[in-house]
Amino acid sequence: MKLKYAFLTSLFLTSTAFASNQITVDMTNLKTGESVGTVTISNHPYGTIFTPNLSNLPTGIHGFHVHEVASCGAKKKNGDLVPGGAAGSHYDPASNGQHAEPWSFKGHKGDLPVLYVDEEGRATLPVLSPRLTLKDLSNRSLMIHVNGDNYSDDPKPLGGGGARLACGVIN
């Protein structure tokens, strides 16, 4: 009986430790206010893995970034209300001020690999961010942009991702 209890206690502690090493972010379409699913963020020996379980998104490649503020609210910019604007800019604690590849130390720390959405509107392929830790993500937001990302500020700023499509607050 003691051995069985020890095994169950060990199993519980292991699963509890694992749960604290991941974060689940609820993602919302900024236009409709409807849920598009979740992104689970977890530790990995080579960085942090973002595993999407998303649906009802436009097919194709989308810019995917960690933004600096834990908000998905709208904010006025140049007199226009920008959905998701309260999330601020891409997370950039080193003040690099430029957009680059997720593995480059030249760009924002919140620059992630692109998010792929299949022909049925689903995104399920994980992406790896080698520079981020779970600690970095506390009180930030996760953003999906309408367009793709070329990991540069040329020819368009911030990889050309454009408008903000979906957002989730990281707690």
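Quick notes
- Near pairs, Cβ below 6 angstrom, 6+ apart or cross-chain, from segment 82-109 (crowded, with 22+ Cβ neighbours inside 10 Å) to any residue that is in a loop (DSSP other than H, G, I, E, B) and polar (S, T, N, Q): 87/71; 107/96; 107/98
- Selection within segment 152-171 - surrounded by fewer than 18 Cβ atoms within 10 Å (Cβ to Cβ) and part of a loop (DSSP other than H, G, I, E, B): 152, 153, 154, 155, 156, 162, 163, 171
- Index of the failed condition, residue 139 passing every other in (1) under 26 Å from residue 59 (Cα atoms); (2) modelled with pLDDT of 95 or more; (3) loosely packed, with under 15 Cβ neighbours inside 10 Å; (4) not aliphatic (A, V, I, L, M): (1)
- Count of residues meeting criterion [under 27 Å from residue 21 (Cα atoms), in contact (Cβ under 8 Å) with a residue 40 or more places away in the chain and either out of contact with any Phe, Trp or Tyr (no Cβ under 7 Å at 6 or more places or on another chain) or outside any strand (DSSP E or B) (or both)] in segment 43-81: 21
The values are calculated or read from the model by the stated rules, or taken from the named source; none is laboratory data. Predicted model, so just to flag it, every value in this text is computed and none were measured. For neighbour counting, all protein chains shown are included, and Cβ atoms are generated from backbone atoms with ideal geometry for every residue, glycine included.
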